Structures are given as structure tokens and as C-alpha cells.
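Right, one structure below, let's go through it.
Bear in mind these aren't lab numbers, they're just calculated from the coordinates by the rules spelled out. Bear in mind that the values here come from a model prediction, so they are computed numbers and not experimental data. Don't worry about glycine lacking a Cβ; one is built from the backbone with ideal geometry, like all the others, and counts go over all protein chains shown.
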Amino acid sequence: MKTTLRFIALGFFLLVACLVVFLTLWPRPTDTTEPRVFSGDGALLDYCSPATLDGQGLSADEIPKAYTPDCGFSRMPMPILHNCREPIATGIPDMRGLWLAESGFIGHIERIEQCGNRMVVTSAGLIHDFRMDGTLKNGARDIQTYCTNLASAIKVDDEGKIIFRLFNLFDTVSRHLDSGDMIFTFVDGKQTRMQRACSIPEEDRGMYEAGLEYNSESS
């Protein structure tokens, strides 16, 4: 029995070790981020006047995909889809704007951009740039805090919930609208209620920090 348990423990350790090596050494895709994205401080912008998506401008296909630089950033990037005017695709909710957590992971901030079936979520030192078509090919390639390299497919269900599927194997996080707020649900089921804002409070550094403490009393 003890021998069996040792083999199981060894197998688990090797599996975790191989996963860590894979996630850190897996080659990154070619970085196509436009230089202008890191030319200014996106935290200084006003986000209460989203662009009119009337088709009179660039389409989602005409703007290069953006990626997290190195293993994060210390200054909020400028908007990636700033010049896109393609209307949001049918069946996809309009979540554009700057979102501040009011419960759950207090201090968490997300900026969401959209056009066509494309969405860019900038938050906690990383950039999610993806298409909501349920494929890994057009999904998010994310560089996390510890330089791990993850891939997710993103889909929209019948209720308008945007769901991330890690390696298209299982659901991890989701976002959906609820009475004007956005509900961000983590893989463990914990929810963070977020509200739109025009700007980032000067004292709030949640955009650049990972590992925020979950506030269960306010959820």
C-alpha cells in the first residue's frame, strides 16, 4: 500500500513539474502589439464616452492582436481597439468601459474594449485579446504574473455569459452583465461585482496588482 502511494505521489509531482515547465517554456506567439499601445498612460483617460460603432472606421481584423509585454507592465497600456468602428457582433453583450470592483476582489480593475466579435480585457498586469468564437486559435494567449504562458478559448453562451475555457478543456472564469453591473466569476465560484467608472482613482493600484484578497463580507 505504501509503495502504491509513493508511486502516486511521484506521478503527481512529475505531472506538476512537467506542467510548470510547459507553461513557462512554451514558445510565445509573435508579438504583433502596435508600439502606440505602450506610448502613453491609459490610466489618465476618460472612459465614459465609448466610440460609436457605426462601421465608419477600422474593423477588428485590421487591428493587430495585442499581447502582454515581458511578464506584465507597470503602466496601463493605451486602448488597443481605439480606432475600431465595427459593430459588436449579434449575441455578444456590450461590456465596453472601465470597471471597478465593488465587492469580492476589492481593488480589481478591468478595462474592456470591443468591436465585432473581438474583446480586449486589460487587467492586473496582463492583456487578454481574443475573439469570442470558441476556438483556441482565436482565443487569448496570456502571460501571467509568474511568466506562465496560457491559452484559452472564449465562448458566449445563450444567456450572454462570456466564458473562458483553459486550453478549451474546462471553464475557468466568466463575465456577465447584471442590472448594469458586471459579475466576474472565478474558477472557484467566487464572484466579484463590478461597476462602470469614468477613470481610475489615483490611489487605486488594482490594475497592476495580482493576488488581491477576496472580501467575502461585501459579496
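Applying both filters, DSSP loop and at most 11 other Cβ atoms within 10 Å, to the trypsin sites (Lys or Arg not before Pro) of the stretch 70-137 gives K137.
Full extension of the chain between F186 and D171 yields a length gain of 4.4 nm, computed as 0.36 nm times the residue separation minus the alpha carbon distance. A straight chain from R75 to L44 at 0.36 nm per residue would run longer than the Cα-Cα distance by 10.1 nm.
In order along the stretch 156-168, the Karplus-derived 3J(HN,Hα) couplings, from 6.51 cos²θ - 1.76 cosθ + 1.60 at θ = phi - 60°, round to 10, 7, 5, 9, x, 8, 8, 10, 8, 10, 4, 6, 6 Hz, and Gly and Pro are given as x.
For the stretch 112-127, the Karplus equation 6.51 cos²θ - 1.76 cosθ + 1.60, evaluated at θ = phi - 60°, returns couplings of 10, 10, 8, 6, x, 9, 9, 9, 10, 10, 10, 6, 6, x, 9, 10 Hz by residue, with Gly and Pro reported as x.
Between T30 and E62, the C-beta separation translates, for a Förster distance of 25 Å, into a calculated FRET efficiency of about 0.90.
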